Amino acid sequence: MTRYWNAFVEGYTGYANYLFHEITHPSWNNYFYWLIAVSLFFFLLEVVIPWRKKQPVFRKDFWLDGFYMFFNFFLFSLIIYSAASNVVVNLFNDGIAWITGGFNLQANNPLNNFPMWSILLIGFLVRDFVQWWIHRLLHRSDTLWEFHKVHHSVEEMGFAAHLRYHWMENIVYRTLEYIPLALLGIGLYDFFIIHIFTLAWGHYNHSNISVSGYVTGGILGMLLGIIAANGLLDITLFNDPELLAKLGIVLGFTLAGSLLLGKLMKYLFNSPEMHIWHHSYNLPESRYYGVNFGLTLAIWDYLFRTAYIPHDGQDIRLGFPGIEKFPQDFTGQITHGFKDDNTE
């Protein structure tokens, strides 16, 4: 028991030191500055190429959503999640060892010998699939839906709405997704890469922009080209190419991604045009529990027939019946769900 208590205490002190180090030591593997950089990128896109041109740049609840971004990405972990998760991790690993008579889950993981790119791909697909089901659960459970209403209380959509959600969602998502990721042996470095990619795509899904699949396909191809040209993630397609050759490789991957994936992107990946319908105020009775549950990938919605894009949803009303009575302030929203607030 003492070991679990020490893990709980160290979770607070360790994360506080980590957060201070993140802020004071900018680097390529720094969550704090990646969040700022990704957010600024999509903010600029919303200024330059807005989809809903009549929507103000500083839309309704813009600053509230901005606070939510840092609260859910950092402060929530500092307050409780990091400490609690340390205990859960220890209990889970000890439980596996006890049930199996001392089996070391990480030492015997078959993915230990896989190349990095395959570990990331498998981890990303498994995590996104698990999160898709969790997202459906948030809509099907009356109790969890009350917490999820915070995210759906957005009435003007923008990139920062991505991380506007009740702190209880952190607990639900992280608890249910931890077990499959732990079984796969996904480490902190692997999770960092997956998390930054899904952060950027989540910002994109919620942003006030609309771009062609040829553009997003080209961007995805460019990222793959950068990885391939520099031999990252255990990909060794090229033998230490010169700078000019690297530029050619990146350009080739970009063109290939645009041409080969352009028409498929709307079926493979989520997008603002698809996700806006998830936030629609008005849905048909046959879709009472929601539509378009994908976080990063769209394929799950098409496979399980929850995809719904009846027409251009550029100016549809957002929210849910009863939103007029929903708390407008941060305190009211993060305490919602623990009492009856008379919202339908």
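The values are calculated or read from the model by the stated rules, or taken from the named source; none is laboratory data. If you're wondering where the values come from, they're calculated on a predicted model, not measured in any experiment. Neighbour counts are summed over all protein chains in view; Cβ atoms, including those assigned to glycine, are modelled from backbone coordinates with ideal geometry. Just so you know, the surface numbers come from the protein's heavy atoms only, side chains and all, with ligands and any DNA or RNA stripped out. Shrake-Rupley method; radii C 1.70, N 1.55, O 1.52, S 1.80 Å.
What is the percent carbon and sulfur in the accessible area of the chain, measuring with a 1.4 Å probe over the protein chains and ignoring ligands?
Details: 12230 of 18090 Å².
Its accessible area is 68 percent carbon and sulfur atoms.
Over the chain, accessible surface divided per residue gives 53 Å², non-protein components excluded, 1.4 Å probe. The label-point distance for residue 179 and residue 113, in a model that sets each label 7 Å from Cα toward Cβ, rounds to 2.8 nm. Near the amide H of residue 318, within less than 5 Å, lie the amide hydrogens of 281, all on another chain or at least 5 residues away, with H placed in the peptide plane. Shown is the FRET efficiency for residue 325 and residue 287, computed with R0 = 22 Å from the Cβ-Cβ distance and rounded to the nearest 0.05: 0.45. Residues considered: 217, 231, 158. Largest GNM mean-square fluctuation over the chain, using C-alpha springs under 10 Å, is found at 231.
In loop segments of the stretch 167-265 as defined by DSSP, the trypsin sites (Lys or Arg not before Pro) with at most 16 further C-beta atoms inside 10 Å of their C-beta are 263. Using every pair of distinct Cα positions in the stretch 143-224, the Kirkwood expression returns a hydrodynamic radius of 15.0 angstrom. For residue 96 and residue 133, the FRET efficiency from 1/(1 + (r/R0)^6), where r spans their Cβ atoms and R0 equals 22 Å, is about 0.45. Multiplying the residue separation of residue 335 and residue 44 by 0.36 nm and subtracting their alpha-carbon distance yields 101.5 nm. Contact order for the chain, expressed relative to its length and based on alpha carbon pairs under 8 Å spaced 6+ residues apart, stands at 19 percent. Applying a DSSP loop filter and a limit of 16 other Cβ atoms within 10 Å to the GluC sites (Glu not before Pro) in the stretch 192-288 leaves 242. Enclosing the Cα atoms of the chain in their convex hull gives a volume equal to 165 cubic angstrom per residue.
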